[in-house]
Amino acid sequence: MPTLLGLNTDELRALAQREGQAAYRGDQIATWLYKYGVDSFSLMNNLPEPFRARLEQSHQVGRAHVITEQRSKDGTVKLLLGLHDGATVETVGLPYADRMSCCVSTQVGCPIGCVFCATGLSGFARNLTAGEMVGQVLAVQEAAEVKAMASNRSNRIDHVTFMGMGEPLLNYEATLKAAHLLNREVGIAMRHLTISTAGLVPEIRRLAQEQLQLTLAVSLHAPTDELRSQLMPGMTTWSVAEIIEACHEYVMWTRRRVTFEYCLLDGINDGVAAAQELAHILHGLNCHANLISFNPIGGSRYRPPPRERVTAFREVLESAGIQVTQRVERGSDIDAACGQLRQRADGTGLVSP
Ligand code: SF4
């Protein structure tokens, strides 16, 4: 049965008119879906009863059901969601002092197979639809609101990163549609949306041409092709140099600063020489580097570096004039690393990379 979630206001208006209703009924449905986040036709009480009944026969709202909900002491909320076909995906809500962010999955599993990632080790099943992506934000919003009510404070999601399970640019059309839905229907500023990629050069160029004000985050994780192919075996098609060149194009078309994600693995990619090489290839590019200490996953042979190696790596980049942030570890008391909760729920355990 087709779902309503994933349709924008124009598409919902057209649907209402096909059903013999006035176009504004589509606006009303959009408000119920995206502003109020309802998951049942019966709650859409300003729609005529016969119209609601017909919709119920022909469509489903399309919200996933929550299988597992984990809450960290630091406020991080992690949901495992069950989709209509039995597939499961993870989504995470991250409250900060100044914002509430949601990390969205774009695929069930991931074909890139990064050796340090629980999702990458679990294989790939299918792409998610735009509605399934937006549904994750609405589900986290709902979970956050319960907490907000309890603590008597507002907890609206105002930042979304397409950085959960999957490679967003391998699911380009649906990811872009989800970004537009979050912007126009849910009301999240385009500048507060981030699309991450492992470095798909043609899609980075295509995204640049869209000239959207969203942030591009490139998961680089290694400054050389040799090391990168070891850590990200599904990403050998494009060289580091080609990826950096595409990022220059992205900056030229959008005037937006590119973020480079770099997961530090003890003794693998965290040395001073790697930092110097990274500084060299990023020279002259409007960018910033986000350093992430590896979040250990069960069975992995990789470890996070000691703090002094992270500091030394950071100092090399900063002394080369590159802005650096360090991702603060969140949800360390729950299955916070991408793919962990799903694997635990599946009972599959984890394969050692
Ligand atoms: S890190 Fe990202 S691109 Fe790599 S396997 Fe995991 S989800 Fe896929």
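The values are calculated or read from the model by the stated rules, or taken from the named source; none is laboratory data. Everything numeric here is computed off the predicted structure, so don't read it as measured data. Glycine gets a Cβ as well: all are built from the backbone with ideal geometry, and neighbour counts include every protein chain shown.
Here's the yes/no breakdown for (1) without any contact (Cβ under 8 Å) to a residue 40 or more places away in the chain; (2) aliphatic (A, V, I, L, M):
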residue: Gly82; (1), (2): yes, no
residue: Val89; (1), (2): no, yes
residue: Val108; (1), (2): no, yes
residue: Ser122; (1), (2): no, no
residue: Gly131; (1), (2): no, no
residue: Gly135; (1), (2): no, no
residue: His159; (1), (2): no, no
Being at pLDDT below 95, of a type in the set (S, T, N, Q) and away from the ligand (no atom under 16 Å from the Cβ) is true for just one of Asn183, Asn155. Which residue is that? Asn155
Residues located in the range 112-141, provided they are in contact with a helix residue (DSSP H, G or I) (Cβ under 7 Å, 6 or more places away or on another chain) and near the ligand (Cβ under 8 Å from one of its atoms): Ile112, Gly113, Cys114, Phe116, Ala118
Filter result for the condition that a residue is of a type in the set (Val, Ile, Thr) and touching a residue at least 60 places away in the same chain (Cβ under 8 Å), over Ile297, Ile268, Ile292: Ile297
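If you scan the range 15-53, which residues turn out to be of a type in the set (Lys, Arg) and touching a residue at least 60 places away in the same chain (Cβ under 8 Å)?
Lys35
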Every residue from the range 30-76 that is touching a helix residue (DSSP H, G or I) at 6+ places or on another chain (Cβ under 7 Å), acidic (Asp, Glu) and under 20 Å from Glu145 (Cβ atoms): Glu69
Can Gly123 be described as assigned by TED's automatic domain parsing to the domain that holds Ser72, at pLDDT below 95 and either within 24 Å of Glu203 (Cα to Cα) or not β-branched (Val, Ile, Thr) (or both)? yes
Any idea which residue in the range 98-111 is farthest from the ligand (Cβ to nearest atom), counting only those that are closer than 17 Å to Ala139 by Cα and small (Gly, Ala, Ser)? Ser101
For the range 178-192, which residues satisfy the criterion of being in a loop (DSSP other than H, G, I, E, B) and surrounded by fewer than 19 Cβ atoms within 10 Å (Cβ to Cβ)? Gly187, Ala189
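Let's see how each residue does on (1) within 12 Å of the ligand (Cβ to nearest atom); (2) in contact with a strand residue (DSSP E or B) (Cβ under 8 Å, 6 or more places away or on another chain); (3) basic (Lys, Arg); (4) closer than 24 Å to Asp27 by Cα:
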site	(1), (2), (3), (4)
Gly164	yes, yes, no, no
Glu167	yes, yes, no, no
Asn171	yes, yes, no, no
Ala174	no, yes, no, yes
Ala189	no, no, no, yes
Leu193	no, yes, no, yes
Pro202	no, no, no, no
Arg206	no, no, yes, no
Hits in the range 114-134 - residues which are farther than 16 Å from Thr91 by Cα and aliphatic (A, V, I, L, M): Val115, Leu121, Ala125
In the range 301-353, which residue that is at pLDDT 60 or above and in contact with a Lys or Arg (Cβ under 8 Å, 6 or more places away or on another chain) is nearest to Leu231 (Cα to Cα)? Gln326
Could you tell me whether Leu128 is over 14 Å from the mean Cα position of the chain (by Cα), among the aliphatic types (A, V, I, L, M), in the same structural domain as Thr197 (by TED's automatic domain parsing) and crowded, with 18+ Cβ neighbours inside 10 Å? no
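For the structure I just gave you, tell me whether Arg307 is farther than 30 Å from Gly123 by Cβ and in contact with a strand residue (DSSP E or B) (Cβ under 7 Å, 6 or more places away or on another chain).
No.
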Looking at Leu282, Leu216, which is the one that is under 18 Å from Ser196 (Cα atoms) and either of a type in the set (Lys, Arg) or within 16 Å of the ligand (Cβ to nearest atom) (or both)? Leu216
Restricting the range 220-251 to residues that are touching a strand residue (DSSP E or B) at 6+ places or on another chain (Cβ under 6 Å) and within 14 Å of the ligand (Cβ to nearest atom), the one farthest from Phe116 (Cα to Cα) turns out to be Leu220
